[in-house]
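**Q** Pasting a structure below so you can have a look.
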Amino acid sequence: MPSITIYSTGPACQPCKAVYRWLDKHGFKGAYSIVISPDNPELAAELKAQGFLQSPVVEIDGLRFGGFDTKELLRILGVEPNFIP
């Protein structure tokens with residue numbers, strides 16, 4: 001199982017919720033951790049310095065991308081586009 005971390009701005013983040021739903025739907029329910037970046041100003045500053053200006057920032061096995069990007073999720077996780085468990 002890949003290591004998945006989602007850096008979120010908090011519970012009101014709709015793109016973050018979309019990532020959670022997508023992961024749950026594709027067999028990764030409970031396989032990811034959520035980090036609320038405003039609770040950690042140093043982390044928020046680090047992500048911003050790396051060029052991430054939108055939420056969420058998704059990290060899968062050390063690879064990071066910003067936003068709800070299904071193409072990146074499919075590519076990195078190796079999931080077939082029509083796969084539903």
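**Q** Would you be able to tell me the number of residues in the range 29-51 that are closer than 21 Å to residue 14 by Cβ, within 12 Å of the chain's Cα centre (by Cα) and not polar (S, T, N, Q)?
**A** Matching residues across the range 29-51 total 4.
**Q** Next question, about the same structure. Name every residue in the range 11-53 that is small (Gly, Ala, Ser) and surrounded by 12 or more Cβ atoms within 10 Å (Cβ to Cβ), in order of residue number.
**A** Once the filter is applied, which keeps residues that are small (Gly, Ala, Ser) and surrounded by 12 or more Cβ atoms within 10 Å (Cβ to Cβ), the range 11-53 yields 18, 27, 31, 37, 44.
**Q** Starting from the range 10-36, keep only residues that are free of Cβ contacts under 8 Å to residues at least 60 places away in the same chain and small (Gly, Ala, Ser), then list their pairs with residues that are surrounded by fewer than 12 Cβ atoms within 10 Å (Cβ to Cβ) and outside any loop (DSSP other than H, G, I, E, B) whose Cβ atoms are within a distance under 9 Å, requiring at least 6 positions of separation or different chains.
**A** So the pair list comes out as 10/38; 10/39.
**Q** Scan the range 52-85 residue by residue and report those that are part of a loop (DSSP other than H, G, I, E, B) and either among the acidic types (Asp, Glu) or within 22 Å of residue 10 (Cα to Cα) (or both).
**A** Selection gives 52, 53, 54, 55, 56, 61, 62, 67, 68, 69, 80.
**Q** Scan the range 54-66 and tell me whether some residue there is touching a Gly at 6+ places or on another chain (Cβ under 6 Å), hydrophobic (A, V, I, L, M, F, W, C) and buried (at least 19 other Cβ atoms within 10 Å of the Cβ).
**A** yes
**Q** Among the numbered criteria (1) modelled with pLDDT under 95; (2) under 12 Å from the mean Cα position of the chain (by Cα), which single criterion is violated by residue 68?
**A** (1)
The values are calculated or read from the model by the stated rules, or taken from the named source; none is laboratory data. These numbers come from a predicted model, not from an experiment. When we count neighbours, we look across all protein chains shown, and the Cβ atoms used for this are built from the backbone with ideal geometry, even at glycine.
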